[in-house]
Amino acid sequence: MRGLKPPRLPRYAKDFLREEDFRKMQNLCARSTFRRARNAAWLWLLWSTGWREGELAGLKLSDLGWNASTIRVIGKGAKETRVPFTQPSQRAVYRYFKRA
């Protein structure tokens, strides 16, 4: 038994957040306060980019490419990528900045 390797278990993909659930979460973030505007911006960025929370937490203002509609992301292993910056995400981030 010492020389045997354990069997490989299959890896299952995680379920995506349904659009209906995303809308419910957005409705909880009515953008009337700074905190709610921030939460709405985070939700839009997480939803539209598929980022990990840690990648979003490291986001800097200089990473936002407003003209090119891309965001520079430093991911696992210090790997740099550019992801699309959708119009709804841009609006949510802009509303957040206006509250700051």
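The values are calculated or read from the model by the stated rules, or taken from the named source; none is laboratory data. Here the structure is a predicted model, which is why all the values come from computation and not from measurement. Every residue, glycine as well, gets a Cβ built from its backbone with ideal geometry; the counts of neighbours run over all protein chains shown.
R72 meets each of the listed conditions (1) in a helix (DSSP H, G or I); (2) more than 24 Å from K14 (Cα to Cα); (3) in contact with a helix residue (DSSP H, G or I) (Cβ under 9 Å, 6 or more places away or on another chain) apart from (1).
Among the residues of the stretch 54-72, those identified as farther than 11 Å from P84 by Cα and either among the small types (G, A, S) or touching a Phe, Trp or Tyr at 6+ places or on another chain (Cβ under 7 Å) (or both) are G54, L56, A57, G58, S62.
Starting from residues that are small (G, A, S) and farther than 15 Å from Y96 by Cα, keep the ones in the stretch 1-56 and report whichever is modelled with the lowest pLDDT. The extreme case among them is A13. In the condition set (1) touching a residue at least 24 places away in the same chain (Cβ under 8 Å); (2) charged (D, E, K, R); (3) in contact with a strand residue (DSSP E or B) (Cβ under 7 Å, 6 or more places away or on another chain), R38 is compliant with all but (3). When the stretch 53-69 is limited to residues that are surrounded by fewer than 15 Cβ atoms within 10 Å (Cβ to Cβ) and under 10 Å from the mean Cα position of the chain (by Cα), the one that is farthest from D15 (Cα to Cα) turns out to be A57. If you check L59, L45, L64, which single one turns out to be in contact with a Leu (Cβ under 7 Å, 6 or more places away or on another chain) and either within 21 Å of R18 (Cα to Cα) or not polar (S, T, N, Q) (or both)? After ruling out the rest, the residue left standing is L45.
Here P88, P84 are screened, and the one residue that is surrounded by 11 or more Cβ atoms within 10 Å (Cβ to Cβ), touching a residue at least 24 places away in the same chain (Cβ under 8 Å) and touching a strand residue (DSSP E or B) at 6+ places or on another chain (Cβ under 7 Å) is P84. Within the stretch 32-52, restricting attention to residues that are out of contact with any helix residue (DSSP H, G or I) (no Cβ under 7 Å at 6 or more places or on another chain) and in a helix (DSSP H, G or I), the residue that is surrounded by the fewest Cβ atoms within 10 Å (Cβ to Cβ) is R35. Among the residues of the stretch 8-31, those identified as free of Cβ contacts under 8 Å to residues at least 24 places away in the same chain, part of a loop (DSSP other than H, G, I, E, B) and in contact with a helix residue (DSSP H, G or I) (Cβ under 9 Å, 6 or more places away or on another chain) are C29, A30.
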